[in-house]
Structures are given as C-alpha cells and as structure tokens.
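Visitor: Following this message is one structure expressed as structure tokens.
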Amino acid sequence: MSYDYDYFNVRRRRSELIDILIGSALVWGVGASWLIYLSPAGFLINSILFLTAFILHEYDHKITAIRNGLYAEFRLQRIWALITFISIFLPFKLIAPGATMIYGYADETTMGKIALWGPLTNIIMAIIIFPFTLIGGLGFLWVAIYFNAFIALFNLIPFSILDGKKIFIWDRSIWALAFTASAALFAASIIHVP
C-alpha cells in the first residue's frame, strides 16, 4: 500500500478523524480551564493556538513517519483521555489524550527523527509567537508560549514511551538542545502566566 505524502492530504482512517476530534476537544477543555481569566479575544486566540499546537504536534509525527515509509495514525487512548478530561477540573493539568502510533520497522535514527518533530513543532510555534507578546495588548499570548513549551518539555522527558526517550537514544546532543530550548521557553513563559 502506498501513502500520499502531501502535507495537507494524508490518508486517514475514519476512526482516526474521530480520535483526533475527541482529543482536540479534550485539549481545548484543558486549555479553556486555563484561559477563563482572559478577555474574549485572548480566550479565542489562545484556544485556536492550543488546538493548532496539539494537532500539528501529532500530525508532524505522522508526516515524518509516512515520509520514512512507515504507517502512522493518531489513536485516542481511553485511560489517558479520561485523565486529560479529569485534569480539566483540577489545578494540575495533564494533556495526553492519545498519541500517534507508528507501525513498521524503523531504526533508532528514524524513530528519533519522527519523535523530534512533535516537540520541535511546539518549540517553533513558541518562538514564532514570542515577538507578538511585545506588542501592546497581546501579552495574553504568553499563555500560548507556555502551553507549547510545556508540551515540548513534557514530551522531551527521556522516559518510557515519551518522545524524549527515542530522541535521547538516537542523538543525545540533539535531545539536549531541544530540551534546553523548551526549558528556557517554559521558564520565560511561566513568569508571565498568572
């Protein structure tokens, strides 16, 4: 079976679309529980950025896997989706409703590169958003930087099934660079987020 590599036209199974929609709704719910203190414009813009961060993180794993000849799809994981849902109502937030599952044979280099693209997307998004926080009235965008940095930093922990373990096994210097960048963005953003 061949796969269409076009970034905006990757084949999906029908239930994958349902999984990503449910996952996105859960991510939005967690984000909304953080954003209730913002103005309506701040709430709307950050909601869009939260969903974009989540979808691109997972989608970039998928695209990279497909470009390396592997099959990949987002799968909702019920227990983690439930934990994500519960965290909407708790002060501590956990956002992990599912993951992009990779199928096929891949070496450590390929898996490391696939794993890198999710957190790297969040790091890039945070860096792109940063200059806009300097514009008067757009300080609420620090929340989107915090969110992206948090997703990247959490995923870069070199443990278990997280992206960080695959990257760490592949290339420790690349892992250290990505981890340091996400930690710096997280530290910078946390002092600006109420």
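The values are calculated or read from the model by the stated rules, or taken from the named source; none is laboratory data. Bear in mind the structure is a predicted one, so any value in this text is a computation, not a measurement. No Cβ is skipped: glycine too gets one built from the backbone with ideal geometry, and neighbour counts run over all protein chains shown. Protein only, heavy atoms only, side chains kept; ligands, DNA and RNA dropped before computing areas. Shrake-Rupley method; radii C 1.70, N 1.55, O 1.52, S 1.80 Å.
Visitor: Which one of these does L26 not meet: (1) touching a strand residue (DSSP E or B) at 6+ places or on another chain (Cβ under 7 Å); (2) surrounded by 20 or more Cβ atoms within 10 Å (Cβ to Cβ)?
Guide: That leaves (1) as the condition not met.
Visitor: Quick check, is A183 open to solvent by less than 40 Å² (accessible area, probe 1.4 Å), farther than 25 Å from S47 by Cβ and assigned to a helix (DSSP H, G or I)?
Guide: Taking the combined requirement at face value, the residue satisfies it.
Visitor: If you scan segment 99-113, which residues turn out to be in contact with a strand residue (DSSP E or B) (Cβ under 9 Å, 6 or more places away or on another chain), at negative phi and small (G, A, S)?
Guide: Answer for segment 99-113, where residues must be in contact with a strand residue (DSSP E or B) (Cβ under 9 Å, 6 or more places away or on another chain), at negative phi and small (G, A, S): just A99.
Visitor: For segment 49-60, which positions are in contact with a Phe, Trp or Tyr (Cβ under 7 Å, 6 or more places away or on another chain), open to solvent by less than 10 Å² (accessible area, probe 1.4 Å) and at pLDDT 95 or above?
Guide: A53
Visitor: Ok, one more. Applying the selection to segment 118-153, what residues are more than 25 Å from G29 (Cβ to Cβ) and surrounded by 20 or more Cβ atoms within 10 Å (Cβ to Cβ)?
Guide: Once the filter is applied, which keeps residues that are more than 25 Å from G29 (Cβ to Cβ) and surrounded by 20 or more Cβ atoms within 10 Å (Cβ to Cβ), segment 118-153 yields only L120.
Visitor: Can you tell me which residues in segment 61-78 are over 15 Å from G98 (Cα atoms) and either assigned to a loop (DSSP other than H, G, I, E, B) or open to solvent by 50 Å² or more (accessible area, probe 1.4 Å) (or both)?
Guide: Within segment 61-78, R67, N68, G69, L70, Y71 qualify.
Conditions (1) aromatic (F, W, Y); (2) touching a Gly at 6+ places or on another chain (Cβ under 9 Å); (3) closer than 24 Å to Y59 by Cα, marked per residue:
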{"site": "P158", "(1), (2), (3)": "no, yes, yes"}
{"site": "I161", "(1), (2), (3)": "no, no, yes"}
{"site": "I167", "(1), (2), (3)": "no, yes, yes"}
{"site": "W175", "(1), (2), (3)": "yes, yes, yes"}
{"site": "T180", "(1), (2), (3)": "no, no, yes"}
{"site": "A184", "(1), (2), (3)": "no, no, no"}
{"site": "A187", "(1), (2), (3)": "no, no, no"}
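Visitor: Next up: Name the single residue that is nearest to H61 (Cα to Cα) among those in segment 95-153 being of a type in the set (S, T, Y) and not in a helix (DSSP H, G or I).
Guide: First pass over segment 95-153, keeping only residues of a type in the set (S, T, Y): 100, 103, 105, 109-110, 121, 133, 146.
Subsequent filtering for residues that are not in a helix (DSSP H, G or I) retains 100, 103, 105.
Values: T100: 7, Y103: 12, Y105: 15 Å.
Among residues in segment 95-153 that are of a type in the set (S, T, Y) and not in a helix (DSSP H, G or I), the one nearest to H61 (Cα to Cα) is T100.
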